[in-house]
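What follows is calculated from the coordinates using simple rules that are stated; it is not laboratory data. Being a predicted model, the structure only gives us computed values, none of them experimental. Backbone-built Cβ (ideal geometry, glycine too); neighbour counts: all protein chains shown.
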Amino acid sequence: MRALYRSMLWLAVAIVVGLVGACNRDTATGTGGRPRVALVMKTLNNPFFIDMQRGAEKAAKDLNVDLIVQAADRETDVERQMQIVENLIQAHVGALALTPSGSREVVPVVGKANAANIPVVIVDTRLDQKAATDAGVKTASFVGSDNYRGGQIIGEYLVKASNGRAKVAVLEGIPGHETGDSRVRGFKDAIKGSPGVTIVASQPANWERDQGFNVFQNILQAHADIDTVFACNDIMALGAIEAIAAAGKAGRIRVLGFDAIDDARRAITEGKMTATVAQYPDEMGRAAIEAAVKAMKGEAVPPDIGVRIGLITRDNAARESEKQ
Amino acid sequence: MLRHRLSASGRRLGTLAGLFGLCVLLWTLTPHFLTVSNLLNVLEQTAINAVIAAGMTFVIISAGIDLSVGSLVAVAGVVLASTLHAGVPIPVALAVSLAVGFGFGLLNGLAITWGRLPPFIATLGMMSIARGCALLFTEGRPVSGFDPAFRSIATAKLLGIPAPVFMTIAVYLLAHFVLAETRFGRYVYSMGGNEEATRLSGVNVRLHKTLVYGVSGLASAVAAVLLTARLNSAQPIAGIMYELDAIAATVIGGTSLMGGEGGLGGTIIGALIMGVLRNGLNLLGVSSFIQQIVIGLVIVVAVLIDTVLKARKN
């Protein structure tokens, strides 16, 4: 009896899965023999990757291919991302575009794709050069903009805007994340030549808005003289803006971010934020799918496809967002 | 006792039917599911969660919970990786890593038995402490690049079957033996059923409960070995939220969160259901958002079955 009830409830689960599956059957098997390519991203909980997906979908439509978009629930979960890629290899996709959750950790699964003769285009975050060479894995191309360069751009801007005098707090991303590390390195290298610009505190706020708020609030308690905060992404910067308002210091602290998400552009237009760095994830997504389709057809693909990166300040924040 | 066993095997049969039904369904929906290479792929992907869930089963049968397993995977992993990088022979490095996992697990147990903390709180604290240790130990950076001999733990194949599958089978056989055939195993059930009665019948509850958390820590360390070999890297941020997957596999497998009943046969099926489901949803190209909803529904339904059945029984 118990087994019967249990089976009946499982049947209910099966029906749900079946319905979901049936709706997606076309993408799974390919409609009318159209080639299928897959875009595997770090997560979908970030506007950055949603924009990337949008660009990729547009390219897939233009090129007349079916696109499968998948991502792990959490940006940190490399093992899950590896599973997704393994499963897509089993589904015999024609080509893969991948934003690695870990520069070294995805190398083994890129090797598996190589073994299955599925071309891989790496997007946004580079593979670790040494790990890739050691494992002998091949990629068709890299599509992305340089996080290190972005860090430099915002650092150079600060030196100019502050006339070489600033006390800076840095809000870092998740420790050990290549993206955040590169941004901080670029920033530090850019201010190196200006002894008047000093970093007085540097703490991780794990890419999150609430932690950006709390961590910066704590930093302000310890260092009341801070006049600039550089957050490694806009989400943390927006948290810091709230902390600044709560401390009654609105307008007296420069806020620098990264990513140029819509909320940050708005904050810049309203004068609450100073500057951010724009990457163009939709262009990345489009270029990635174009490269993947070329590689699938056996056409030549450049090994490195740069996507523009630029400074956003009050001068161009509104204009840029209209374009989107 | 006989009745207890019968109802357990009946429940397991139901879950097994669920797994089987899921497989048949995926087979009809996509031609890529029922292939030898994909099924081996699923088994390989399930290994890590299955191993952690084996330890979790001990804890949950004893009416406890272990939220620290994901962080223990990270600690054991980075210790393993650093020891290997220091040039220590592989067996020694493995032993060190397993000892670290076991040791952190025992600390959980001591906080619960001697400190009288609820398991939820003690292991919640450990979740953060162990994560911090892993980050501190590596200065936040992943430790990667190992000898092919070590990597063969994840990459080797025997008769075409990946090594992690054999490792999982070995872990389950051993764990099943301990749980079903030893005195310690019987105490795990009786502590979960009625701790006070167990104490009054002369069992050293403190000792055995501490050991239960040691077993869970040990299982996490075994999972860390698999994960490190598979990714060719140990990350201090590895294993975040793995505790939830392990708890899910355990409860889908019919082990009651109230303690005292359940078993490893159910847990392995629970882990496979999660693995097959994720694999199938990927093969079908289902949106990641919908995948989360489906997996959540499966967990809730599985536990619902238990609650409904319990209510009927009483």
- Message: To make sure I understand the rule: partners must be lysines, Cα under 25 Å from the Cα of A:K160, and not fewer than 8 residues away in the same chain. Which ones qualify?
- Response: A:K188, A:K192, A:K249, A:K272
- As a Kirkwood estimate from alpha-carbon pairs, chain A has a hydrodynamic radius in angstrom of 21.2 Å
- Environment charge at A:F142 (Cβ cut-off 11 Å; Lys +1, Arg +1, Asp -1, Glu -1): -2
- So which aspartates and glutamates pass the test for A:K61, namely a Cα distance under 12 Å, with those fewer than 8 places away in the same chain ruled out? A:E290
- Message: Which one, B:I268, B:N204, B:L297, projects farthest toward the positive side of the charge dipole computed for segment B:201-314 from Cβ point charges (K/R +1, D/E -1)?
- Response: B:N204
- Message: Please rank B:D245, A:D62, fewest neighbouring Cβ atoms within 10 Å first, as an exposure proxy.
- Response: A:D62, B:D245
- All aspartates and glutamates inside 15 Å of A:K167 as judged from Cα atoms, apart from same-chain residues fewer than 8 positions distant: A:E156, A:D225, A:D227
- Message: Let me check the size of segment B:190-264 from its C-alpha atoms; what are the radius of gyration and Dmax in Å?
- Response: 15.8, 49
- At 25 °C and 0.890 mPa s, grab the translational diffusion coefficient of chain B from Stokes-Einstein with a Kirkwood Rh over Cα pairs, rounded to a whole number in µm² per second. 123 µm²/s
- For the protein assembly as shown, the Cα gyration tensor yields equivalent-ellipsoid semi-axes (√(5λ), largest first, whole Å) of 43, 31, 23
- Item | Distance histogram for segment B:58-112 (every C-alpha pair counted, 5 angstrom bins, percent rounded to whole numbers) | 4, 19, 26, 20, 13, 9, 6, 2, 0
- When each pair of different Cα atoms in segment B:32-165 is counted once in the 1/r mean, what is the Kirkwood radius in angstroms, to one decimal? 16.6 Å
- Query: Dividing the convex hull volume of the alpha carbon atoms of segment A:147-279 by its residue count, what do you get in Å³ per residue?
  - Reply: 88 Å³
- Query: Using only Cα atoms, what Kirkwood radius does segment B:161-285 have, in angstroms?
  - Reply: 16.3 Å
- Sorted by Cβ neighbour density within 10 Å, fewest at the top, the residues B:F120, A:F142: B:F120, A:F142
- Rounded to one decimal in nm, the spacing of the 7 Å Cα→Cβ label points at A:D210 and A:D62 is 4.1 nm
- Task: Would you work out which of B:T250, B:L226, B:P236 lies farthest towards the positive end of the dipole of segment B:2-313? Charges go on Cβ: Lys and Arg +1, Asp and Glu -1.
- Result: B:T250
- Item | Percent RCO, i.e. relative contact order, over segment A:147-279, from Cα pairs under 8 Å lying at least 6 residues apart | 24 percent
- Task: Express as a percent, rounded to the nearest 5, the fraction of DSSP beta bridges in the protein assembly as shown (both residues included) that run antiparallel.
- Result: 20 percent
